[in-house]
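A short worksheet on the structure shown next.
Rule-based calculations on the coordinates, nothing more; no lab input. This structure is a prediction, so every number in the text was calculated from the model and none was measured. Cβ placement follows ideal geometry from the backbone for every residue including glycine, while neighbour counts extend to all protein chains displayed.
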Amino acid sequence: MTRPIKIAPSILSADFANFGAEIRAIESQGADWVHVDVMDGHFVPNLTFGPPAVKAFRPHVTTVMDVHLMITPVDAYIDAYATAGADILTAHVEAGPHPHRTLQAIRAAGMKAGIALNPGTPADAVEHLLDLADLVCVMTVNPGFGGQSFIDMTAKIARLREMIGDREVMIEIDGGVDPTTAPLVVNAGANVLVAGSAVFRGGSVDRPDVYGENMRAIRDAVTA
Ligand code: DX5
Ligand code: ZN
């Protein structure tokens, strides 16, 4: 396997009163990206943060700010997330009837464009979007909450890797990723691993070394 694996801790599992320090802590411990879960209480049954909060995270992020929108509608908010400083903006294919337009608008706003699929959505749903996407996010939980159990999507990941072919499209996995599940998805073709509870568990801004150990455990599991 030659694809380098990136780890993107989800700050959904961070201390919500201390995002700046939490972001600096995970980056100092080797996080490749920072994954930001935006939820609207409508597309998913939970509510997190919007553009002003994402803008406040921006100065703390020195790697890549990977913003995952679990909202509908999407298009009206794309420019706000560009202004807030997102590097990658991912929308769900289930969020509306015009995903081509959404992906084009994300790229036109100067960001990399991602398309996410819920566990119940087949790989074929994004087949005709692959030329417009920089990243496909395969959900391995039903979105809305951290700490849920992994749903096996390895067949879908393998199918997407085949469909992507020579294109420069990353496959990101989101939900229930830990040292046990990470090797399954990487062997199937994933190259970006989002992890919330498996990175933040047991650590804190005062014990950032635990975040480092948790990330190392995931990396070691996929390179073993
Ligand atoms: C779920 C979010 C995930 C979540 C992952 O809706 O998109 O990013 O925070 O958390 P864990 O790794 O705990 O499943
Ligand atoms: Zn996410």
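For a straight C-alpha distance cut-off of 12 angstrom, the aspartates and glutamates reachable from LYS112 (same-chain residues fewer than eight places away being disregarded) are ASP66, ASP87, ASP134, GLU168. Taking the empirical scaling 2.2 N^0.38 Å for compact globular proteins as reference, region 1-134 has a Cα radius of gyration ratio of 1.04. Taking only the C-alpha atoms of region 94-174, the Rg (one decimal) and the largest Cα-Cα distance, Dmax (whole number), read 12.6, 36 Å. Between THR83 and PHE145, the simple spin-label model (points 7 angstrom out along Cα→Cβ) gives 3.5 nm. Between the C-alpha center of region 128-190 and that of region 45-75 there is a gap of 20 Å. Against the compact-protein benchmark of 2.2 N^0.38 Å, the Cα-based radius of gyration of region 167-224 scales to 1.17. Here the chain carries DSSP beta bridges of which approximately 5% are antiparallel, counting only pairs with both residues inside. Note on region 6-223: percent of Cα-Cα distances in each 10 Å bin, starting at 0 and stopping at the bin with the largest distance, equals 9, 37, 39, 14, 1.
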